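Please treat every number below as a calculation from the coordinates, not as lab data. Since we're looking at a predicted model, the values are computed, not measured. With ideal geometry, Cβ positions are generated from the backbone for all residues, glycine too; neighbour counts draw on all protein chains shown.
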Amino acid sequence: MSSELDELYRDVILDHFRSPRGARPLPRPTIVEEGYNPLCGDEVILELEVEEGRLKDVAVRSRGCSISVASGSFLAQELRGKPLSEIVRIAAHFKSMLQGTEEPDEALLGDLAALQGARKFPVRIKCALLPWTTLEQALRRLGNS
Ligand code: ZN
């Protein structure tokens, strides 16, 4: 990756950290799930409003490092309105991308591709994954994965 691209990604991450998208509670969440990353102290509260197999709305409230907060903000931005079947695919690909078993598919990931830089820092991978593992827990409880 070029250093210019690195810089762009840093800017996008900082922007999401400073003003996280979807960081307000939902009036009628279908499910609420909490996650915690003890390695870094990151916390997340994820709320999903699901209607007819689609994620109608999503809220992510985070407390933690820039990577975990930005990752939750990306999640809210990229997944709102999508069918759950697609969300399961995106979450699985995002995880494989961070764990280095798949190359990032930018068409599928959108802005989430910005977090690929976290791959270089193993200790940051858990931070980036926290909102996503929390999402997977919520989907499991909903019986959709
Ligand atoms: Zn962290």
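A few points about this structure:
- Computed from backbone phi with θ = phi - 60° and the Karplus coefficients 6.51, -1.76 and 1.60, the 3J(HN,Hα) list for region 57-72 is 8, 8, 10, 10, 10, 10, 9, x, 6, 4, 5, 5, 5, 5, 4, x Hz; x is used for glycine and proline.
- The residues 69, 50, 123, 32, when put in order of fewest to most other Cβ atoms within 10 Å, stand as 123, 32, 50, 69.
- Residue-count net charge about residue 127 - beta-carbon cut-off 14 Å; Lys, Arg +1, Asp, Glu -1: +4
- Cross-link reach list, aspartates and glutamates versus residue 56, counting only Cα pairs under 14 Å and skipping chain neighbours closer than eight places: 47, 78, 86
- Build a GNM of the chain with springs between Cα atoms under 10 Å apart, and of 31, 67, 13 the one that fluctuates most is 31.
- 14 Å beta-carbon shell around residue 21, net charge (K/R +1, D/E -1): -1
- GluC sites (Glu not before Pro) within region 66-103: DSSP coil, no more than 16 neighbouring Cβ in 10 Å: 102
- With the convex hull of its Cα atoms as the shape, the chain has an orientation-averaged projected area of 7.9 nm².
- Most fluctuating residue given options 80, 63, 21, as computed from a GNM of the chain linking Cα atoms under 10 Å: 63
- Relative compactness, region 85-145, computed as alpha-carbon Rg over 2.2 N^0.38 Å: 1.09
- Order of 96, 62 under a 10 Å beta carbon neighbour criterion, fewest first: 96, 62
- Residue of 109, 39, 135 that the Gaussian network model of the chain assigns the largest fluctuation, springs spanning Cα pairs under 10 Å: 39
- Its relative contact order, with pairs defined as Cα atoms under 8 Å and 6+ residues apart, puts region 1-99 at 26 percent.
- Helix axis angle, 122-142 relative to the chain longest principal axis, alpha carbon, degrees: 20
- Residues 94, 121 arranged by fewest to most Cβ contacts within 10 Å: 121, 94
- C-alpha long axis of helix 84-98 to longest principal axis of the chain, angle in °: 30
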